[in-house]
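None of the figures in this text is laboratory data; all of them are computed from the coordinates on show. Just so you know, these numbers come straight off a predicted model, no measurement behind them. Reconstructed Cβ throughout: ideal geometry from the backbone, glycine too, with neighbour counts over all protein chains shown.
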Amino acid sequence: MNLTKHLTLAVLIAATACRVAFAELKTGEAFPDLAGFKLEGKLPDALKGKVVIVDFWASWCGPCKESFPALNELQKKYSDRGVVIIAVNVDEERADMESFLKEHPVSFAVVRDGGQKLVAKTGIKTMPSSFVLDGDGKVRFSHSGYHGDKTKKQYEQQIESLLKK
């Protein structure tokens, strides 16, 4: 084989490997068990039967700064109805996360996936990205990015639809 064919083959193999390693989590699939990823921080107790929003974010992410107040409002509005929000930070350095949280305090759970193993398992490509899970832990909705009031209204509609079930 000539060099061009070798390089083409290598690129195809690498692309296939990445596609497998970073397979996107799809609607209807079970969300990975968070306890199995050794995340830093305390996870909420007993998520079964609750609507859960799992939001992936980073300290350097501008839209994440915008999304946190909306997620905080949703937590306050729906927590008494069984909604739980878990923010998964992906910063390599814990200090970056802590600095962000000092400027943007929240009332929902925050954990850190510094090794980005959960990120890889779920196929996250954009910050922020989130999954809305039903009471059985299955993905019912997903969001890539944060688009202000549009995304917040979508969250509210999705939460309401899942709480009715």
Subject >> Label-to-label distance, nm, for residues given as residue 150 and residue 120 (7 Å Cα→Cβ offset) >> reply: 3.3 nm
Original post:
How high is the FRET efficiency from residue 95 to residue 164, r the C-beta distance, R0 41 Å, rounded to 0.05?
Top reply: 0.45
Original post:
So which DSSP H runs in the chain come out at 15 Å plus along the axis (Cα) with average Kyte-Doolittle of at least 1.0?
Top reply: 3-21
Original post:
If one computes the Cα centroid of segment 131-165 and of segment 23-86, what distance in Å separates the two points?
Top reply: 11 Å
**OP:** Could you tally the net charge around residue 27, taking each other residue with its Cβ under 11 Å from the Cβ of residue 27, Lys/Arg +1 and Asp/Glu -1?
**Re:** 0
Original post:
Amide H to amide H under 5 Å from residue 84: which residues, 5+ apart in sequence or cross-chain, H placed 1.01 Å off N in plane?
Top reply: 51, 52, 53
Original post:
For the pair residue 38 and residue 81, how long in nm is the line joining their label points, each one 7 Å along Cα→Cβ?
Top reply: 3.9 nm
**OP:** Before rounding to the nearest 500, sum -39500 (n - 2.57) across all DSSP H runs of length at least 4 in the chain and divide by the residue total; then give [θ] at 222 nm in deg cm²/dmol.
**Re:** -13000 deg cm²/dmol
Original post:
Among 119, 72, 58, whose Cα lies farthest out toward the positive end of the dipole of the chain, if unit charges sit on the beta carbon of Lys, Arg (+1) and Asp, Glu (-1)?
Top reply: 119
Original post:
If you wrap a convex hull around the C-alpha atoms of the chain and split its volume per residue, what is the figure in Å³?
Top reply: 133 Å³
Original post:
Fewest to most neighbouring Cβ within 10 Å: what's the order for 93, 156?
Top reply: 93, 156
Subject >> For residue 129, residues with placed amide H under 5 Å, excluding near neighbours >> reply: 56, 145
**OP:** Name the most mobile residue of 77, 150, 138, meaning the one with the largest mean-square fluctuation, in a Gaussian network model of the chain with Cα contacts below 10 Å.
**Re:** 150
Subject >> Residue-wise HN-Hα coupling along segment 42-48, computed from phi with Karplus coefficients 6.51, -1.76, 1.60 (Hz; x: Gly, Pro) >> reply: 9, 7, x, 6, 6, 8, 4
